[in-house]
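Q: Handing you a structure now.
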Amino acid sequence: MTMLKTNLEKLYQRNPSLNELYPFDETYEKLNYFINSEVKSGKKFLNPYRFSKVFNIELSKVFVLFVYISSINDNRTLELKYRYTCKNNTDVFLTEDELEDFICDEDCGCEEEFNLREAIESEAVDVPIFFEIDAYLISNILSSIGDESSFFKRDEGGMSNESINNLKISKDEIDLLEEHADDNQMIIRQLSQLEYLTEAANRAKLR
């Protein structure tokens, strides 16, 4: 059994209702194919745009799945990261817990230090979200093909705040995140607001 399958089985055992939105066998098959192909081609982030296109799945559904997988404690598959680019063009990847006390890399020299979480929530900055593949999972995949020194290309597939705000999120998808996610509450609140606005717009059309 692969590491990915073990990880996913734990998610589905914890929340059996996940199978209603994302049937296990189908989801595992797609994720296994996609993660393996991305890692073998030198990537360390999963690109939701490409996943959506490859499997002809709505981007919003892919995004919610990636956020959910990233938001469960001790699930070594994906980790949600915010990429902040400072004034010296240094990219820093941070988890939600690291945003509040942001200090740029000391080797950068920009000396930026502020509450990045507050800046994101007030929309003072647009910091794209990335889904980083767990380092141990990457190593596991590369060792299976006898190559543990793959060159990782520059990050791609980050979703900007504007892109996220254009997603059409369903109530079932929001319920999944709000009821079961452990982490990444900031992005979940944003998605919840999107679902509320979508429902309000739909009600207005019916009047």
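The values are calculated or read from the model by the stated rules, or taken from the named source; none is laboratory data. Treat the numbers as computed from the prediction; the structure is a model and nothing was measured. Quick reminder, even Gly has a Cβ in these numbers, built from the backbone with ideal geometry, and neighbours come from all protein chains shown. We work out accessible area using only protein heavy atoms, side chains counted, and drop any ligands, DNA or RNA first. Shrake-Rupley method; radii C 1.70, N 1.55, O 1.52, S 1.80 Å.
Q: K40 versus A119, label points 7 Å from Cα toward the beta carbon: distance in nm?
A: The answer from the label model is 4.0 nm.
Q: OK, next. What is the calculated FRET efficiency for N32 to E111, with r their C-beta to C-beta distance and R₀ = 45 Å, to the nearest 0.05?
A: Values: r = 44 Å, r/R0 = 0.97.
Efficiency at R0 = 45 Å is approximately 0.55.
Q: If you don't mind, there's one more thing I want to ask. Count the net charge of all other residues whose Cβ sits under 12 Å from the Cβ of Q185, scoring Lys and Arg as +1 and Asp and Glu as -1. It would help to have the intermediate numbers written out before the result.
A: Values: positive: R117, R189; negative: E96, D97, E121, E178, D182, D183.
Overall, the nearby charge balance is -4.
Q: If you add up the charges near S122, with Lys and Arg at +1 and Asp and Glu at -1, over every other residue whose beta carbon is less than 15 angstrom from its beta carbon, what do you get? Before the final figure, lay out the partial values.
A: On the way: positive: R117, R189; negative: E100, E118, E121, E123, D126.
Computed value for this residue: -3.
Q: Taking the Cβ of L80 as the centre, find all other residues whose Cβ is under 9 Å away and add up their charges (Lys, Arg: +1; Asp, Glu: -1). Before the final figure, lay out each step's value.
A: Numbers: positive: K81; negative: E79, E96, E132, D183.
Taking every other residue near L80 into account, the sum is -3.
Q: Same structure, new question: Would you calculate a helix-derived [θ] at 222 nm for the chain, using -39,500 (n - 2.57) for each DSSP H run of n ≥ 4 and dividing by the full residue count, to the nearest 500? Walk me through the intermediate numbers first.
A: Working: 10 runs with 106 residues, N = 207.
So the calculated ellipticity at 222 nm is -15500 deg cm²/dmol.
Q: With the Cα gyration tensor of the chain giving a ≥ b ≥ c as the square roots of its eigenvalues, does the rule (a/c under 1.5 for rounded; else a/b larger than b/c for prolate; else oblate) give rounded, prolate or oblate?
A: Here the chain falls in the oblate category.
Q: So if R0 is 25 Å, what FRET efficiency would D97 and N140 give, r being the distance between their Cβ atoms, rounded to the nearest 0.05?
A: Efficiency at R0 = 25 Å is approximately 0.50.
Q: What length, rounded to one decimal in nm, is gained on full extension from S52 through to Q193, with 0.36 nm per residue of separation minus their alpha-carbon distance?
A: Roughly 48.5 nm would be gained on extension.
Q: Given the Cα-Cα distance of K171 and E20 and 0.36 nm per residue of separation, how much length would full extension add, in nm? Could the numbers behind the result be given before it?
A: Numbers: separation 151, 0.36 × 151 = 54.36 nm, distance 1.35 nm.
The span from K171 to E20 would gain 53.0 nm if fully extended.
Q: What is the percent carbon and sulfur in the accessible area of the chain, measuring with a 1.4 Å probe over the protein chains and ignoring ligands? Intermediate values should be presented prior to the final figure.
A: Numbers: 4930 of 11280 Å².
The nonpolar share, carbon plus sulfur, comes to 44 percent.
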